[in-house]
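Since the structure comes first, as structure tokens, the remarks are kept for the end.
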Amino acid sequence: NAGVTQTPKFQVLKTGQSMTLQCAQDMNHEYMSWYRQDPGMGLRLIHYSVGAGITDQGEVPNGYNVSRSTTEDFPLRLLSAAPSQTSVYFCASSLQGIYGYTFGSGTRLTVV
Amino acid sequence: SQQGEEDPQALSIQEGENATMNCSYKTSINNLQWYRQNSGRGLVHLILIRSNEREKHSGRLRVTLDTSKKSSSLLITASRAADTASYFCATVNAGNNRKLIWGLGTSLAVNP
């Protein structure tokens, strides 16, 4: 049972480049979320999904897109990377969203 | 937006001592959860306490919830160096919105 798998673990982008952060879970969880974590800011919700085909914005969605074509996968796309998107990104999943979440190990992204 | 506020922001204790950290929140909740984050890693769910519960135990962890004061405390007994980590509280609001609302965390250092 792998839990939540995030790839890549580290990434350096140039300003303006695009990329996709991958997230996959094998627990048949309905709820999946993307967070960014910055020093002194805690965890901030970017986008979330309550099931395949259903996504919604969190508190900091600008510059990011998501889709949820399957229960297992929830990729996060950076459309045109900016230095302000330098952060650590976490994907998390939960069976019903009301109980505990399982987190991936994170992607450390640097935009130069 | 951040709802939970952990107190203290940082705590340094000796191995074997007890560590207590507190979390305050602002709205009516369905449950409150505590997570641990080791340096450079993802968050790990520790314990969940429902709004109708007052105390819960899990191994060396004891969580209390006072809904009248909108506060919770996490006690780690007989601390070990391996308990060194950041600890976050997160709340799920009462109602249909199941998004987690996070505090900024308490950084715990347990010195050998």
In the range B:28-66, residue farthest from the other protein chains (Cβ to nearest Cβ) [restricted to those that are surrounded by fewer than 13 Cβ atoms within 10 Å (Cβ to Cβ) and modelled with pLDDT of 95 or more]: B:ASP66
Index of the failed condition, A:GLY97 passing every other in (1) of a type outside the set (A, V, I, L, M, F, W, C); (2) outside any strand (DSSP E or B); (3) at pLDDT 95 or above; (4) crowded, with 18+ Cβ neighbours inside 10 Å: (3)
Of the criteria (1) of a type in the set (A, V, I, L, M, F, W, C); (2) crowded, with 16+ Cβ neighbours inside 10 Å; (3) at pLDDT 95 or above, which one B:ALA78 fails: (2)
Every residue from the range A:50-68 that is within 14 Å of another protein chain (Cβ to nearest Cβ) and part of a strand (DSSP E or B): A:VAL50, A:GLY51, A:ILE54, A:THR55, A:ASP56, A:GLN57
Residue match in the range B:84-94 (condition: within 14 Å of chain A (Cβ to nearest Cβ), within 23 Å of A:TYR35 (Cα to Cα) and exposed (fewer than 15 other Cβ atoms within 10 Å of the Cβ)): yes
Condition met for A:THR71 (of a type outside the set (A, V, I, L, M), more than 22 Å from B:ARG41 (Cα to Cα) and more than 12 Å from chain B (Cβ to nearest Cβ)): yes
A:LEU21 at pLDDT below 95 and assigned to a strand (DSSP E or B): no
Pairs with Cβ under 7 Å, 6+ apart, first in the range A:1-19 and more than 17 Å from A:TYR89 (Cα to Cα) and among the hydroxyl-bearing types (Ser, Thr, Tyr), second assigned to a strand (DSSP E or B) and at pLDDT 95 or above: A:THR15/A:VAL111
Number of the condition not met by A:TYR89 [criteria: (1) more than 25 Å from B:ILE29 (Cβ to Cβ); (2) assigned to a loop (DSSP other than H, G, I, E, B); (3) more than 9 Å from every other protein chain (Cβ to nearest Cβ)]: (2)
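The values are calculated or read from the model by the stated rules, or taken from the named source; none is laboratory data. Predicted model, so just to flag it, every value in this text is computed and none were measured. Using ideal geometry, Cβ is built from the backbone for each residue, glycine included, and neighbour counts are taken over all protein chains shown.
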